[in-house]
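**Student:** Handing you a structure now.
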Amino acid sequence: MSESYLWQDGTLRSWLLTRDHKRIALLYLGSITAFFALGGVGAALIRLQLLEPTGTILSDATYNRMFTMHGVVMVWLFLVPSIPVTLGNFLVPLMLGARDLAFPRLNLLSWYLFVASGLLVLYGLFRGGLETGWTFYTPLSSDYSEGRVLPVVLGIFLNGFSSIATGVNFIVSIHQLRAPGMTWYRLPLMLWALYATSVIFVLATPVLGITLLLLAFERLFRVGVFDPTLGGDPLLFQQMFWFYSHPAVYIMILPGMGVVSEIVSTFCRKPVFGYRFVAWSSVSIAAIGFIVWGHHMFVAGESLYSAIVFSMFSFFVSVPSAIKVFNWLGTMHGGSIRLDAPMLYAMGFIGLFTVGGLTGLFLASLAADVHLTQTYFVVAHFHYIMVGGMVSAYFGGLHYWWPKITGRMYPEIWGRLAAALIFFGFNLTFFPQFILGFEGMPRRYATYPAQFQILNVLSSAGAGILAVAYVMPLVYFGWSLFRGARAPDNPWGATGLEWRTASPPPTENFAETPVVTTDAYDYGDLDARAGRADAGGPHHV
Amino acid sequence: MSDGSVLDHHSPYETPLHRDESAIAGMWLFLASEALLFGGLFLVCLVYSQTRAGGWAEGVRHTNLTIGAVNTLILITSSAVYTLAVEAGRRGDNRGVVRAGLGAAGLGLAFLVLKGVEWGQEFSENLFPGPHFALHGPASGAAALFYSFYFLATFLHGMHMVVGIGLILWICRKARQGAFSPAWSTPVDVVGLYWSFVDLIWMLLFPLLYLIGRA
Amino acid sequence: MARIAACWGMLVLLLAAELAATWAGLGIAVCVVAVLMVLVIVLGFMQILRGPPLAIIFALGGLFWLTILLALGSLDSFTRTTVPVPGGALDGPALPDRAAVPKESR
Ligand code: HEM
Ligand SMILES: [Cu+2]
């Protein structure tokens with residue numbers, strides 16, 4: 001039996017050159033937490049500005065740069081990588097019963113690419129920023145913007161290669177490194193979700209890359225690509241951008257769905273209802289998610305024919321999402337549910353994701369979208385999914401696997417409190433925005449008519465609560481690293497191979513390669529093992 | 001590290017074969033991703049060459065077909081020569097790998113030099129889009145679009161060539177140290193996949209940039 | 001060796017055919033030849049069929065997604081009813097350089 005991966009070699013050098021997927025996960029965890037904080041500061045300033053109809057905290061120009069910074073940082077430097085690169089990196093080999101990912105060096109490279117891209121983006125943001133919004137639409141971004149478009153766009157280009165590397169690694173690992181007996185239908189649902197996510201990483205990200213490269217080219221050399229005054233077609237930019245970015249919104253939800261499947265099963269102590277449906281719905285979300293992107297251009301001059309096709313596909317994609325929700329509810333139905341912090345986050349996810357998904361259907365309807373597009377309704381829609389859904393799932397997952405990652409328990413009371421506060425603060429922040437948008441308040445303006453003030457104040461107050469609630473885990477997780485109770489190998493009584501090794505795991509993950517004999521979420525098997533262990537049988541690791 | 005026919009202690013794989021197949025598969029997956037990178041360019045080309053057909057074809061007619069065709073021949077040959085290195089690797093013939101590798105890299109370099117000559121001509125003829133763009137007339141806007149596409153596509157392809165040549169030289173260095181054996185020559189194969197892919201992309205760019213719309 | 005030489009020969013012949021088709025003005029034929037050349041490279045040089053089955057799956061996946069990109073990505077442009085824009089015609093002449101954004105703020 002060997003030492004935990006955390007302490008085997010404590011030098012900085014050994015961390016920076018590590019090929020251990022678990023350490024790389026922690027390197028990523030540190031980096032994206034910093035970016036989350038930065039994006040959060042941006043959000044706070046935006047909400048402060050909007051406390052008053054003509055806020056004075058930020059000038060109009062600064063306001064535009066602020067929401068751009070917020071969007072760019074949150075999307076590419078936090079939410080797209082979030083669950084895959086932290087929990088995913090940590091868990092994929094453990095859940096497969098493998099010693100590492102398929103390409104450990106590539107994994108480390110992806111982190112360095114990520115850091116380099118982050119620095120490039122930060123350089124652009126701090127040397128003046130840009131006012132294009134996270135969507136970089138041309139010709140604003142190529143012709144008219146007076147901001148630092150190039151470093152940011154090239155940073156995001158580089159960032160894409162980091163995503164692609166992670167995607168390649170996960171896909172090949174899941175194909176090649178399954179432990180003996182680990183058939184596809186025995187994989188934990190988290191892995192199905194990460195597989196689907198990786199498909200998007202690998203096949204959508206390069207299109208963003210080339211799109212941004214074309215944009216950079218146009219801006220740098222003043223040659224026409226998308227510029228209408230030079231004969232180009234600005235809508236083509238939007239087509240290409242959303243070919244990536246709509247699938248990317250599924251990058252920003254599928255991993256969360258995976259986490260929630262794990263948590264719901266564990267805390268209801270039941271196999272996930274309709275395992276195969278949930279598994280395949282991940283794959284079909286990823287696949288159908290690739291053919292709906294045109295719903296972002298309904299009012300931009302897209303052809304009606306095209307709009308109808310994309311509207312129809314958008315309705316299709318909600319079917320597998322709904323399947324998931326019903327199956328989670330089916331799992332919970334009749335179970336004896338334990339309401340530990342991870343489960344609170346998971347339940348928050350289910351509720352908020354449902355609201356976000358249903359409002360997506362409003363937006364996918366051509367007629368309704370004409371009224372709602374470019375208003376706060378859209379802002380509320382995607383925050384319900386990306387923040388209410390994905391960030392909740394990310395926090396839920398962090399709590400759930402924290403004992404495994406660190407070998408320490410977090411304080412449960414505080415965990416529950418933070419989860420409840422996040423749910424409350426989130427709804428207070430974003431529900432008013434649905435109403436605001438419905439009443440016609442446009443997004444991306446530094447000022448608004450006075451009649452919208454009450455709802456805006458409510459929203460800003462919610463943001464304050466949310467900020468406090470997000471800081472809480474940072475504090476008590478830090479505390480638990482030193483003072484938390486020692487975690488047993490399997491604190492939640494969960495199935496899954498990651499729980500069959502020590503907390504924290506040794507560098508090589510398992511003392512000997514595990515053999516899988518049952519389906520995922522087989523609690524009978526878990527009890528049988530526990531029985532054997534009590535009877536003095538050989539103890540795992 | 002030098003002997004890849006055995007697994008090192010922390011390798012996630014069960015057998016060397018298992019590892020090598022994963023490497024090949026991983027490269028193919030990466031190439032699928034690369035295909036979509038160029039796919040964005042192909043989309044631009046598809047749309048503009050149809051919706052702005054006149055000016056686009058005008059642009060095609062101004063490219064240098066001779067250099068283009070010679071370069072295509074060079075690249076075909078380079079890819080073939082590198083495949084000889086792959087075969088040599090499988091026999092464990094390290095010297096063969098070096099010889100074929102250097103040949104392929106040299107041909108790649110020749111391609112880049114010719115491409116540079118071609119670019120030089122085009123710059124001096126003011127074919128780079130801008131206020132002094134050489135082509136005039138009603139369709140010159142779309143012709144300029146064509147040249148935007150031309151320069152970016154050849155630049156991106158050229159960058160891939162540079163990376164490919166670097167990888168081939170790395171393989172040659174390993175081979176000189178006697179790294180490859182009949183039991184293990186996977187890196188030679190993997191680099192070969194990349195190099196042939198760069199070739200393949202050119203087989204698509206060549207007709208798009210030089211041929212379709214010419215006559 | 002013989003296989004490689006044969007593939008090389010085939011590619012050279014196809015290149016010749018491609019050029020001939022260009023002189024004849026047969027755009028479609030050029031496309032067909034280009035696809036054939038790609039096939040020769042994939043099957044002959046990259047030897048996809050000798051690799052693990054995953055290689056084929058990944059390659060086909062990439063091809064499939066490429067098709068989606070090209071088909072749905074061009075759908076809009078090909079079905080749009082264009083409203084003529086005064087001054088900025090689609091096939092119009094290149095306009096002079098616009099007032100350039102100050103260099104340092106790019
Ligand atoms: C599941 C995860 C989802 C996420 C993360 C997500 C995220 C987003 C984001 C970020 C935007 C705004 C983009 C922008 O303009 O800046 C957006 C807009 C939109 N979403 Fe979603 N979305 C999701 C699901 C859905 C679903 C299931 C549908 C429809 C069935 C949908 C339909 C739309 C539509 C139509 C818009 C465009 C609204 C407009 O600009 O008029 N979304 N979504
Ligand atoms: Cu969308």
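**Student:** Provide a single number: the residues in the stretch A:295-313 that are assigned to a helix (DSSP H, G or I), near ligand 1 (Cβ under 9 Å from one of its atoms) and within 16 Å of A:His371 (Cα to Cα).
**Tutor:** 3
**Student:** What are the residues in the stretch A:121-180 that are assigned to a helix (DSSP H, G or I), surrounded by fewer than 19 Cβ atoms within 10 Å (Cβ to Cβ) and modelled with pLDDT under 95, if any?
**Tutor:** Answer for the stretch A:121-180, where residues must be assigned to a helix (DSSP H, G or I), surrounded by fewer than 19 Cβ atoms within 10 Å (Cβ to Cβ) and modelled with pLDDT under 95: A:Phe126, A:Leu140, A:Tyr144.
**Student:** Give the residue that is nearest to ligand 1 (Cβ to nearest atom), with candidates limited to residues of the stretch A:338-350 that are out of contact with any Phe, Trp or Tyr (no Cβ under 6 Å at 6 or more places or on another chain) and touching a residue at least 40 places away in the same chain (Cβ under 8 Å).
**Tutor:** A:Phe349
**Student:** Look through the stretch B:128-159, keep the residues that are surrounded by 23 or more Cβ atoms within 10 Å (Cβ to Cβ) and not in a helix (DSSP H, G or I), and return whichever of them is nearest to the chain's Cα centre (by Cα).
**Tutor:** Among those residues, the one meeting the criterion is B:Pro129.
**Student:** For the stretch C:19-30, which positions are within 7 Å of chain B (Cβ to nearest Cβ) and under 17 Å from B:Ser49 (Cβ atoms)?
**Tutor:** C:Thr22, C:Gly25, C:Gly27, C:Val30
**Student:** Further question on the same structure: Go through the stretch A:245-287 and report how many residues are away from ligand 1 (no atom under 13 Å from the Cβ) and open to solvent by 30 Å² or more (accessible area, probe 1.4 Å).
**Tutor:** So the count comes out to 10.
**Student:** What is the residue count in the stretch A:432-444 for residues that are farther than 14 Å from A:Ile385 by Cβ and assigned to a helix (DSSP H, G or I)?
**Tutor:** 6
**Student:** I need the full set of residues from the stretch A:457-469 which are touching a helix residue (DSSP H, G or I) at 6+ places or on another chain (Cβ under 7 Å) and touching a residue at least 60 places away in the same chain (Cβ under 8 Å), in order please.
**Tutor:** Those that are touching a helix residue (DSSP H, G or I) at 6+ places or on another chain (Cβ under 7 Å) and touching a residue at least 60 places away in the same chain (Cβ under 8 Å): A:Ser459, A:Ser460, A:Ala463, A:Ala467.
**Student:** In this structure, does B:Ser196 turn out to be in contact with a helix residue (DSSP H, G or I) (Cβ under 8 Å, 6 or more places away or on another chain), crowded, with 22+ Cβ neighbours inside 10 Å and within 14 Å of chain A (Cβ to nearest Cβ)?
**Tutor:** No; evaluated as a whole, the condition is false for this residue.
**Student:** Having 2 or more residues that are touching a residue at least 12 places away in the same chain (Cβ under 8 Å) and aliphatic (A, V, I, L, M) is the bar; report the helices (runs of 4 or more DSSP H) wholly within the stretch A:1-85 that clear it.
**Tutor:** Values: elements: A:12-16, A:21-49, A:60-72.
By residue number, A:21-49, A:60-72.
**Student:** Provide a single number: the residues in the stretch A:240-261 that are away from ligand 2 (no atom under 12 Å from the Cβ) and within 14 Å of chain B (Cβ to nearest Cβ).
**Tutor:** Within the stretch A:240-261, residues that are away from ligand 2 (no atom under 12 Å from the Cβ) and within 14 Å of chain B (Cβ to nearest Cβ) number 1.
**Student:** Can you confirm whether A:Pro473 is open to solvent by less than 40 Å² (accessible area, probe 1.4 Å), part of a helix (DSSP H, G or I) and at pLDDT 95 or above?
**Tutor:** Against the criterion (open to solvent by less than 40 Å² (accessible area, probe 1.4 Å), part of a helix (DSSP H, G or I) and at pLDDT 95 or above), A:Pro473 qualifies.
**Student:** Quick check on the stretch A:299-318: of everything there that is away from every other protein chain (no Cβ under 11 Å) and touching a residue at least 12 places away in the same chain (Cβ under 8 Å), which residue is nearest to ligand 2 (Cβ to nearest atom)?
**Tutor:** A:Ser314
**Student:** Related question: What residue, among those in the stretch A:206-244 that are more than 18 Å from A:Val149 (Cβ to Cβ) and under 26 Å from the mean Cα position of the chain (by Cα), is farthest from ligand 1 (Cβ to nearest atom)?
**Tutor:** Going through the qualifying residues, I end up with A:Pro206.
**Student:** Could you say whether any residue in the stretch A:94-108 is closer than 29 Å to A:Phe510 by Cα, open to solvent by 40 Å² or more (accessible area, probe 1.4 Å) and part of a helix (DSSP H, G or I)?
**Tutor:** yes
Table: residues versus (1) farther than 22 Å from A:Val73 by Cα; (2) free of Cβ contacts under 8 Å to residues at least 60 places away in the same chain; (3) not acidic (Asp, Glu).
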| site | (1), (2), (3) |
| --- | --- |
| A:Leu130 | no, no, yes |
| A:Glu146 | no, yes, no |
| A:Leu150 | no, no, yes |
| A:Val153 | no, no, yes |
| A:Ser162 | no, no, yes |
| A:Phe170 | yes, no, yes |
| A:Pro180 | yes, no, yes |
| A:Leu191 | yes, no, yes |
| A:Ala196 | yes, no, yes |
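The values are calculated or read from the model by the stated rules, or taken from the named source; none is laboratory data. In this text the structure is predicted, and so the values were computed from the model without any measurement. FYI the Cβ positions are ideal-geometry reconstructions off the backbone, even for glycines, and counts take in every protein chain you see. All accessible areas refer to the heavy atoms of the entire protein, side chains included, with ligands and DNA or RNA removed. Shrake-Rupley method; radii C 1.70, N 1.55, O 1.52, S 1.80 Å.
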